[in-house]
1. For Lys26 paired with Lys39, estimate the spin-label separation in nm (one decimal), with each label point 7 Å from Cα along the Cα-to-Cβ line.
2. Using θ = phi - 60° and the Karplus relation 6.51 cos²θ - 1.76 cosθ + 1.60, list the HN-Hα couplings for region 46-63 in order, rounded to whole Hz, with x at every Gly or Pro.
3. Please report the accessible area of Ile48 (heavy atoms, 1.4 Å probe, ligands and nucleic acids excluded) in Å², nearest 10.
4. Of the heavy-atom accessible surface of the chain (probe 1.4 angstrom), what whole percent is carbon and sulfur?
5. Roughly what would the spin-label model give for Ile4 and Ala19, points 7 Å off Cα along C-beta, in nm?
6. Note down the magnitude of the dipole of the chain about its Cα centre, charges +1 on Lys and Arg C-beta and -1 on Asp and Glu C-beta and zero elsewhere, to the nearest 20 debye.
7. Just checking my list (1) 18; (2) 15; (3) 7 against percent of Cα pairs over 20 Å apart computed from this structure; which label fits?
8. Express in nm, to one decimal, how much length is gained between Met12 and Thr63 on full extension, taking 0.36 nm for each residue of separation and deducting their alpha carbon distance.
Amino acid sequence: MQEISKIKTARMEAGLSQAEMSRQFKIPVRTLQDWEAGKRKTPEWAEILIVEKLEKITKNSST
């Protein structure tokens, strides 16, 4: 069984749809879909930066 991607988990916790995240981060929706489905490997540096940004969104929305 495949684990859920860190990006998907962080995106969902931030309350963003793939379309909303695509607009905010300027990442094509297809790329997000492929990363989240494990069809493409997210570059490690990109995953770290994206997850950090999503965690800030989550923290700001809960305050």
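The values are calculated or read from the model by the stated rules, or taken from the named source; none is laboratory data. Everything quoted here is computed from the prediction, not taken from an experiment. Cβ atoms come from the backbone with ideal geometry, glycine included; neighbour counts cover every protein chain shown. To get the accessible areas, we keep the full protein, side chains included, count just its heavy atoms, and leave off ligands, DNA and RNA. Shrake-Rupley method; radii C 1.70, N 1.55, O 1.52, S 1.80 Å.
1. That separation, rounded to one decimal, is 2.4 nm.
2. For region 46-63, the Karplus curve yields 5, 4, 4, 5, 5, 5, 4, 5, 5, 5, 5, 4, 4, 4, 5, 7, 9, 9 Hz.
3. Counting only protein heavy atoms, Ile48 exposes about 90 Å² to solvent.
4. 54 percent
5. The two pseudo-label positions are separated by 2.2 nm.
6. In total the dipole reaches around 200 debye.
7. (1)
8. My answer for the length gained is 16.6 nm.
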